[in-house]
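Visitor: Here it is, the structure, as structure tokens.
The values are calculated or read from the model by the stated rules, or taken from the named source; none is laboratory data. Note that this is a predicted model, so its numbers are computed, not measured. In this analysis, Cβ positions are derived from the backbone assuming ideal geometry, glycine residues included, and neighbour counts consider all displayed protein chains.
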Amino acid sequence: MLQTLKNDVDVVLDQDPAARNRFEVMVNYAGVHAIWSHRLAHWLWNKKFYFIARYISQVSRFFTGIEIHPGAKIGQRLFIDHGMGIVIGETCEIGNNVSLFQGVTLGGTGKEKGKRHPTIEDDVLIATGAKILGSMTIGQGSRIGAGSVVLKEVPPNATVVGIPGKVVVQDGVKVEGSLDHHKLPDPIQDKFKELEAEIDALKAEVSQLRGNAANETTQAEDKKGESSRDDSAI
């Protein structure tokens, strides 16, 4: 347990350039407070002390702005950065070395029973305001772009952007799990560029056809003129 608590602090020092020392992280970082509160609440939840577990989670929510259901399973080295508004549902499972930013929701899609929240595998980054809804798996090493709404499974080492979320593969190269979550492809912009290129190609083709038609007209007129002169000469 002590090693787990130490890992919760050390991951902040590794990921957040503003963090200067362990004491500062332990005292001032709401994300760490929320995770520690959850670890206690989760232990009580597993011991079937449901009321006190929920009470601890609600007190933590009041002070940190981060709501984690005590039934959720969280692995080692979860990094919560500026965590205000984060919601993690009861049947959610989070692996190791996962990063969450403010406004992230790991929620369900209705009143269904059983596993109804997502499973987040190791080394996943979920950027600001992203929503992952339903019982699905986000594959290891994937990144979810800011503001995305994910409703389907995500394969490992993928990048997801948009509403609804779409998997974007960048030349088949794995996207590293860095904090540069703003450097993401834009599928809508890419589609606009494709349409612009197609329009330019069509314009060039139309221009060429018009040129050919004009040449044919000119040649026809020249032939007609030559035929008229020949008739006059006769």
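Visitor: Return the residues of segment 108-123 that are assigned to a loop (DSSP other than H, G, I, E, B) and in contact (Cβ under 8 Å) with a residue 24 or more places away in the chain; say none if nothing qualifies. Don't jump to the end; show me each part of the working.
Guide: As a first pass, look at segment 108-123 and keep what is assigned to a loop (DSSP other than H, G, I, E, B): 108-118, 121-123.
Within segment 108-123, 108, 109, 115, 116, 117, 118, 121, 122, 123 qualify.
Visitor: Considering each of 134, 141 in turn, give the residue that is at pLDDT 85 or above, touching an Asp or Glu at 6+ places or on another chain (Cβ under 6 Å) and under 24 Å from residue 81 (Cα atoms).
Guide: Exactly one residue qualifies, and that residue is 141.
Visitor: Give just the number: which of (1) in a strand (DSSP E or B); (2) at pLDDT below 85 does residue 160 not satisfy?
Guide: Against the list (1) in a strand (DSSP E or B); (2) at pLDDT below 85, residue 160 comes up short only on (2).
Visitor: A further question follows. Would it be correct to say that residue 91 is crowded, with 21+ Cβ neighbours inside 10 Å and modelled with pLDDT of 90 or more? I'd like the intermediate steps shown before the answer.
Guide: Values: crowded, with 21+ Cβ neighbours inside 10 Å: no; modelled with pLDDT of 90 or more: yes.
No, not satisfied.
Visitor: Let me ask something else. Scan segment 1-57 residue by residue and report those that are surrounded by fewer than 14 Cβ atoms within 10 Å (Cβ to Cβ) and touching a strand residue (DSSP E or B) at 6+ places or on another chain (Cβ under 9 Å).
Guide: 14
Visitor: Here's another thing I want to ask about it. May I ask you to list the residues in segment 75-107 that are closer than 20 Å to residue 139 by Cβ, in a loop (DSSP other than H, G, I, E, B) and touching a strand residue (DSSP E or B) at 6+ places or on another chain (Cβ under 9 Å)?
Guide: 75, 78, 89, 91, 92, 95, 97, 98, 104
Visitor: Report yes if residue 203 is at pLDDT below 85 and of a type in the set (Lys, Arg), otherwise no.
Guide: For residue 203, the condition - at pLDDT below 85 and of a type in the set (Lys, Arg) - is not met.
Visitor: Assess whether residue 14 counts as being in a helix (DSSP H, G or I), of a type outside the set (A, V, I, L, M), within 24 Å of the chain's Cα centre (by Cα) and in the same structural domain as residue 136 (by TED's automatic domain parsing).
Guide: So residue 14 fits the description; yes.
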